[in-house]
Amino acid sequence: MAGYSAEERGAPHSAGYRLFLKDAAGRYISPFHDIPLRDGGAENVFNMVVEIPRWTNAKMEIATKDPLNPIKQDVKKGKLRYVANVFPHKGYIWNYGALPQTWEDPGHKDEGTGCCGDNDPIDVCEIGSKVCSRGEVIKVKVLGTLALIDEGETDWKIIAINVEDPEAGNYNDIHDVRRMKPGYLEATVDWFRRYKVPDGKPENQFAFNGEFKDKDFAVNVIKSTHEHWKALIAKKTDGGEINCTNLTVSDSPFCCSQECAKATVDAAPPCTAANPIPPEVDKWFYYPKN
């Protein structure tokens with residue numbers, strides 16, 4: 001989407017790597033708090049921040065606990081995290097990212113899933129034909145959602161398509177995905193069910209027996225997480241370690257100046273050449289389907 005750009009700091013594929021976002025005027029912003037959830041238009045069209053391009057393995061995410069919430073690579077047990085390839089999947093099978101100005105509140109138990117939120121912005125699987133870039137901000141048309149239960153937490157997966165995709169006009173609800181891309185929704189459930197098995201963890205579970213909910217249901221989930229975010233950014237709820245520094249939410253007690261934001265970026269190391277990706281990241285894992 002025109003108007004946003006990204007600035008890399010540190011070496012890609014390192015623990016110190018950060019990708020900061022800037023607005024059209026070149027001002028540093030938080031992709032979590034400063035990019036609007038919607039810019040008008042149809043009720044089911046939202047802005048999406050791409051964290052992980054399709055087919056890649058590096059587990060990139062908005063750093064919710066860092067000032068300005070840059071995109072960084074997740075680290076578990078001291079190691080950079082790469083998602084395993086569970087046959088027949090290679091890396092992420094969609095452009096993966098998040099909706100800004102949303103928050104899955106860990107203090108809120110969802111009536112439908114019976115579990116609390118995972119403390120992150122709501123996740124999006126974008127199913128269009130273009131492989132997007134890390135840090136790209138795109139407009140997406142929401143089509144439905146899947147309710148993953150990840151280690152006891154509600155982790156909604158919004159299914160959406162880039163509004164600029166040549167076939168976007170043919171997609172208006174979740175049944176259109178099943179009709180136009182046969183097997184894709186089933187593959188999505190399989191991916192989320194088994195992607196942690198190579199790490200020695202059990203298969204993930206789903207609410208609603210793994211059934212996808214439709215567009216209207218998904219839009220309501222998004223609206224709910226946006227309300228939770230508004231309480232967070234206004235300090236009306238306890239966000240714990242979440243960093244709410246922002247530059248555009250004028251009534252937020254966490255609003256800061258551009259000088260402060262620039263100082264945050266300047267403190268990060270300069271961008272250098274990417275570190276090599278470990279060869280084992282390309283390994284395929286084979287498991288019987290239960």
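The values are calculated or read from the model by the stated rules, or taken from the named source; none is laboratory data. Just so it is clear, the structure is predicted and the values come from calculations on it, not from any experiment. Cβ coordinates were reconstructed from backbone atoms using ideal geometry, including for glycine residues, and neighbour counts include every protein chain displayed. Protein only, heavy atoms only, side chains kept; ligands, DNA and RNA dropped before computing areas. Shrake-Rupley method; radii C 1.70, N 1.55, O 1.52, S 1.80 Å.
When each of K215, K201, K196 is tested for being open to solvent by less than 70 Å² (accessible area, probe 1.4 Å) and out of contact with any helix residue (DSSP H, G or I) (no Cβ under 9 Å at 6 or more places or on another chain), the lone residue that passes is K196. Go through the residues of segment 49-63 one by one and say whether even a single one is on the phi > 0 side of the Ramachandran plot, open to solvent by 40 Å² or more (accessible area, probe 1.4 Å), at pLDDT below 95 and not in a strand (DSSP E or B). So far as segment 49-63 goes, no, none of its residues is on the phi > 0 side of the Ramachandran plot, open to solvent by 40 Å² or more (accessible area, probe 1.4 Å), at pLDDT below 95 and not in a strand (DSSP E or B). For beta carbons closer than 6 Å, sequence separation of 6+ or different chains, a first residue in segment 266-288 that is closer than 18 Å to L80 by Cα and of a type in the set (V, I, T) and a second that is in a loop (DSSP other than H, G, I, E, B) and open to solvent by less than 90 Å² (accessible area, probe 1.4 Å), the qualifying pairs are T272/A11; I277/H13; V281/N57. Considering segment 138-244, the qualifying helices (runs of 4 or more DSSP H), each wholly inside and each with 3 or more residues that are under 19 Å from the mean Cα position of the chain (by Cα), run over 184-194, 215-233. Of all residues in segment 68-86, those being under 15 Å from E8 (Cα atoms), open to solvent by 20 Å² or more (accessible area, probe 1.4 Å) and touching a Ser or Thr at 6+ places or on another chain (Cβ under 9 Å) number 0. Only residues that are surrounded by 22 or more Cβ atoms within 10 Å (Cβ to Cβ) and either within 21 Å of H226 (Cα to Cα) or out of contact with any helix residue (DSSP H, G or I) (no Cβ under 8 Å at 6 or more places or on another chain) (or both) were counted in segment 19-33, giving 7.
For E7, the stated conditions hold: it is within 23 Å of C255 (Cβ to Cβ), of a type in the set (D, E, K, R) and touching a residue at least 60 places away in the same chain (Cβ under 8 Å). For segment 167-177, the count of residues that are open to solvent by 20 Å² or more (accessible area, probe 1.4 Å) and in contact with a strand residue (DSSP E or B) (Cβ under 6 Å, 6 or more places away or on another chain) is nonzero.
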